[in-house]
Amino acid sequence: MDGEQKRGNDGDRQACLVVHDPSAGPTVLRLTPGETVTLGRAPANQVVIRDERASRQHAEVVFSESGWIVRDLGSRNGTFLGGELLAGEHRLAAGDVLSIGRVELVFHPGDPPPESSGSGSLSGTVVGDLPTSIDQWQASITHRQAKSRLLDQLRTSAATVPRVGRAAAELCRLSFALGRAEGPEEVGRLAVETAVEEIEGGRGVVLLPASLDASGDITADMLTPAASMPFPWPDDVPSAAVETVMSTDEALMATASSGTGVPTTTLAAPIRSGGRPVGVMYLEIDHASRSTTPDDLEFAMAVCDAVGVAVENIAARSELTTKLATAADENAWLKQRLGEESRMVGESPQLAAIIEQIKRVATTKATVLVRGESGAGKELVARGIHDASDRVGKPFICLNCAALSETLLESELFGHEKGAFTGATERKAGKFEAADGGTLVLDEIGEMSPAIQAKFLRVLEGHPFERVGGSKRIRVDVRVVAATNRNLEEAVSSGDFRRDLYFRLKVVEILVPPLRKRRDDIEPLARHFLARFAGETGRRVRDFTPEALEALKTYDWPGNIREMRNVIERAVVLSHSELIDRAELALSQLPTPGDTGRHPLEARPTYKPESLEDVEKRHILATIEASGGNKTKAASILGIERSTLDRKLARWAKRRGEKG
């Protein structure tokens with residue numbers, strides 16, 4: 001009889017759970033007396049329930065004197081036994097079915113049934129085959145695509161996970177949540193929820209300034225509740241604790257008796273940003289539930305550190321958003337300005353012919369040589385060629401060859417390697433590389449040295465090149481537009497410019513006449529610049545007087561369009577009325593240059609030598625005439641005494657009488 005009873009007890013001790021998980025298939029778990037088997041979503045559980053409705057620590061199965069017992073661990077959605085919600089604990093019998101979400105666990109005393117033992121089993125270990133098809137793999141991870149299980153809120157007992165590990169997990173989860181927070185209110189809510197729940201505080205509040213970008217020191221009276229628990233905050237936060245934390249930049253923990261006689265501990269920790277306190281977390285813990293420890297204050301301080309980083313990130317994100325919006329506005333404005341500056345304005349037949357040439361040449365890959373005086377609009381022609389071509393969305397790079405020495409020009413064109421020459425502290429890509437796929441405009445091409453001309457010619461012919469000091473061969477696809485105001489034919493004859501490069505550049509030549517040779521463009525250009533600068537400066541200048549317009553039309557414009565631009569801008573800035581007058585146009589007396597950029601020798605009047613006395617006499621008489629015959633006024637203008645003027649006039653009259 002005793003032997004039969006012993007065998008019966010052993011049978012009760014041996015049992016297993018057959019886990020039916022739709023996402024992972026059936027698995028078997030052998031139950032061993034003396035070991036507690038936990039069920040839940042946390043990876044530390046012996047049975048991991050892959051279902052969002054399961055809590056991290058959902059239920060447990062233990063062996064007692066009466067047999068195997070199942071009890072719910074205060075789960076969020078409950079444990080069901082045979083379709084009924086489990087209340088308290090229950091002794092398991094053969095065939096009992098536990099349901100947690102979609103997962104079912106069947107209890108079997110003794111050995112596993114034959115249909116479930118084929119997969120094998122290990123004591124205390126979930127055993128099962130890996131998914132064999134892609135459909136099984138997808139089904140097993142579908143419910144994790146939006147959220148990682150490892151970042152869910154930790155729910156476990158101190159016996160399973162130590163306090164330090166639990167706190168570290170909570171801080172990790174909080175950090176990820178704060179990284180997604182949109183504003184200070186959400187940051188405060190996440191922080192106070194985490195602190196109150198982990199420390200088991202009665203209530204708490206996070207105080208932050210109304211503006212995160214406030215400059216200067218932040219004081220206690222500048223703080224407002226960003227979030228609190230419970231919400232709304234029932235009473236005012238004790239100002240003494242907040243002011244102490246803000247002034248000392250140190251955490252505070254103090255215990256005092258409340259009105260009910262139950263001691264209450266106050267925890268207050270600073271929230272730092274940029275090395276200074278910008279806020280406070282305030283917590284109150286009722287000792288009726290538990291006693292506080294220094295670890296509670298350490299946890300609150302760690303939460304505050306995470307909040308400080310989140311506050312900095314939100315402020316930086318806000319600043320970046322503002323800068324991006326400003327940059328977008330500036331970019332749109334610059335594009336508008338670029339469109340205005342690159343637009344060709346005029347009504348002359350010469351300009352119409354240039355526009356027609358641009359349209360015809362833009363669709364080809366031919367190298368273009370643009371010739372004309374300085375300021376005539378050669379770069380506008382190059383921009384027009386680029387914009388009308390299929391390279392319009394690619395780089396448009398300009399380089400003035402006359403502004404750089406031979407060494408610097410070679411580096412600018414072809415780039416250089418680190419250490420290629422003194423000052424080459426890092427690798428630099430040249431203009432050819434920067435303009436790859438686009439257009440490269442080389443202004444003042446006639447100023448290029450013969451050594452650079454030879455290397456430049458090879459690139460034009462499609463050969464690769466090397467950076468200065470480098471050996472890597474680089475090949476680019478660049479359309480070159482060259483511009484010059486020099487007489488290249490003379491430069492070729494004198495040997496200053498390579499003949500083969502001259503013919504390579506002059507595939508298509510566009511001549512840009514000076515402004516004085518296309519006077520039909522003067523008035524449209526003047527009105528274009530007037531409207532543009534009036535809009536930029538906010539001046540109420542709307543037109544020119546007839547005299548000013550006539551002066552603009554008859555002026556030879558030695559500086560061409562560039563000079564007109566500056567003249568109109570100056571007139572708009574200094575004008576006192578709605579109409580610009582002739583006197584407000586600062587027109588120079590410079591001679592006009594020749595078409596090649598050289599000043600022609602102008603015919604000068606024959607010089608007639610004369611004495612200083614004759615020069616003085618002519619000047620004094622002219623001054624008296626300009627003064628209306630008033631000798632006193634003339635003497636004042638000349639800077640001499642009236643008596644001195646009378647003596648000079650008398651002497652000249654006497655000489656004239658003697659000669660007469």
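Measuring against 22 Å, Cα to Cα, the residue pairs K472/K506; K359/K553; K378/K431; K394/K428; K455/K506 contain K472/K506; K359/K553 as the ones spanning a longer distance.
Using the beta-carbon distance between T367 and A429 and R0 = 25 Å, what value does 1/(1 + (r/R0)^6) give for FRET efficiency, to the nearest 0.05?
On the way: r = 22 Å, r/R0 = 0.88.
Computed FRET efficiency for T367 and A429 comes out at 0.70.
Taking 35 Å as R0, compute the FRET efficiency from the Cβ-Cβ separation of A87 and D249 and round it to 0.05. About 0.10, to the nearest 0.05. Based on the alpha-carbon gyration tensor of the range 372-435 and its eigenvalue square roots a ≥ b ≥ c, which shape applies: rounded if a/c is under 1.5, prolate if not and a/b is larger than b/c, or oblate? Taking the square roots of the gyration eigenvalues as a ≥ b ≥ c, the range 372-435 is oblate. Specify whether the C-alpha gyration tensor of the range 323-468 places it in the rounded, prolate or oblate class, a ≥ b ≥ c being the square roots of the eigenvalues: rounded for a/c under 1.5, otherwise prolate if a/b is larger than b/c and oblate if not. Oblate is the answer for the range 323-468, as a/c is 1.5 or above yet b/c matches or exceeds a/b. For the range 469-522, the ratio of Cα radius of gyration to the globular rule of thumb 2.2 N^0.38 Å stands at 1.66.
Panel values: the range 47-113, Kirkwood radius from alpha carbon pairs, Stokes-Einstein at 37 °C and 0.692 mPa s, translational diffusion coefficient 267 µm²/s. Going toward the positive end of the dipole of the range 455-530, with +1 on Lys and Arg Cβ and -1 on Asp and Glu Cβ, which of I522, F456, S493 do you reach last? The residue sitting most towards the positive pole is F456. Spatial offset of the range 430-477 relative to the range 550-572 amounts to 37 Å, using the alpha carbon center of each.
If I take all pairs of Cα atoms in the range 482-558, what percentage of them are more than 19 Å from each other?
Looking at the range 482-558, the distances longer than 19 Å represent 58 percent of pairs.
Of the GluC sites (Glu not before Pro) in the range 501-601, the ones in a loop by DSSP (not H, G, I, E or B) with at most 15 other beta carbons within 10 Å are E578. Assign one of three labels to the range 388-514, namely rounded, prolate or oblate, based on the Cα gyration tensor with a ≥ b ≥ c the square roots of its eigenvalues; rounded applies when a/c is under 1.5, prolate when it is not and a/b is larger than b/c, and oblate otherwise. Oblate shape, in that a/c is at least 1.5 and b/c is the bigger or equal ratio.
Each value in this text was obtained by applying a stated rule to the coordinates, not by laboratory testing. Bear in mind the structure is a predicted one, so any value in this text is a computation, not a measurement. Cβ atoms come from the backbone with ideal geometry, glycine included; neighbour counts cover every protein chain shown.
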